Amino acid sequence: MSRPAASQRRAGGMVLPAMIVGVGLSGFFDGILLHQVLQWHHLLSLVPGAPFHDIGTQVLADGLFHVLMYLVTATGLWLFWRRRDRLAPEAGGWRAVAGGGLVGFGLWNIVDVGFFHWILGIHRIRVNVPDPLVYDVAWLAALGLVPLGIGWWLLRAPARSPRGAGAASLFLAALALLGGGLAARPAPDARTALVFFGPGTSAGAALNIAIAADVRLAWLDPRGRMIAVSLADPGAEQRLYRAGALLVTRSPLLAGCATALSV
């Protein structure tokens, strides 16, 4: 096998981890922009039934979605590490990494809109508007089909240079770490926080803690594991901890992790 052909084969092994990281980045982008900044929807915004209309349930679902995206991204980064021998300068193939990342990014948005929006109907890009289909189609085209098409072209086009896989992989990993860090931060104007309690806490005890801390209750878990409250003043978190809360967080990541551990 010639050296250029071997380089392309080795670089081709980076397509899968790049695609997986691209899926994670797409999920982070969705969560940061649509859930936290614009606040256009929650993961389960359109799921029927009273239990799904509680803000606590919606925030918990968003948190678990963030946890899933962290696991997906971590899997891609782990595969990059496992295949790090293919990142030597002579291994080449920046197109394989960039193309794989773009394919993964676009593919997730296509699946999200096509399956979760139009088939399952659990949310739309923007709910509570007269024509949500316009937003769905625009998102599908701009952030689904366009990156997928560019990524596919990069993977199929003849490489002019067999170099660059290492630099492209490091750049993609840096984007993943940046996206993960931003996704863990609460929205700048977030007022709703999830409050978690230790094992054995009853719903009545959780309610009493909210009353003692002088916070407005938005949602109460019937089993007493957690509540959702509105933090109207800077001292509310400290009062909740003093009253007996185990964790008070507005971070989707921490909320999702705490929920997964408490199930």
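The values are calculated or read from the model by the stated rules, or taken from the named source; none is laboratory data. The model shown is predicted, which means the values in this text are computed figures rather than measured ones. Here the Cβ is made from the backbone with ideal geometry for all residues, glycine too, and neighbour counts use every protein chain on show.
Of all residues in segment 189-241, those being under 17 Å from A255 (Cβ atoms), touching a strand residue (DSSP E or B) at 6+ places or on another chain (Cβ under 8 Å), modelled with pLDDT under 90 and assigned to a loop (DSSP other than H, G, I, E, B) number 4. When you look at H66, is it in contact (Cβ under 8 Å) with a residue 24 or more places away in the chain and not in a helix (DSSP H, G or I), yes or no? Spelling it out, it is not the case that H66 is in contact (Cβ under 8 Å) with a residue 24 or more places away in the chain and not in a helix (DSSP H, G or I).
Any residue at all in segment 118-131 that is closer than 21 Å to Q36 by Cα and assigned to a helix (DSSP H, G or I)? Among the residues of segment 118-131, not one is closer than 21 Å to Q36 by Cα and assigned to a helix (DSSP H, G or I), which makes the answer no.
Exactly one residue among G63, G56, G76 is assigned by TED's automatic domain parsing to the domain that holds V127, crowded, with 20+ Cβ neighbours inside 10 Å and touching a Cys at 6+ places or on another chain (Cβ under 8 Å), and that residue is G63.
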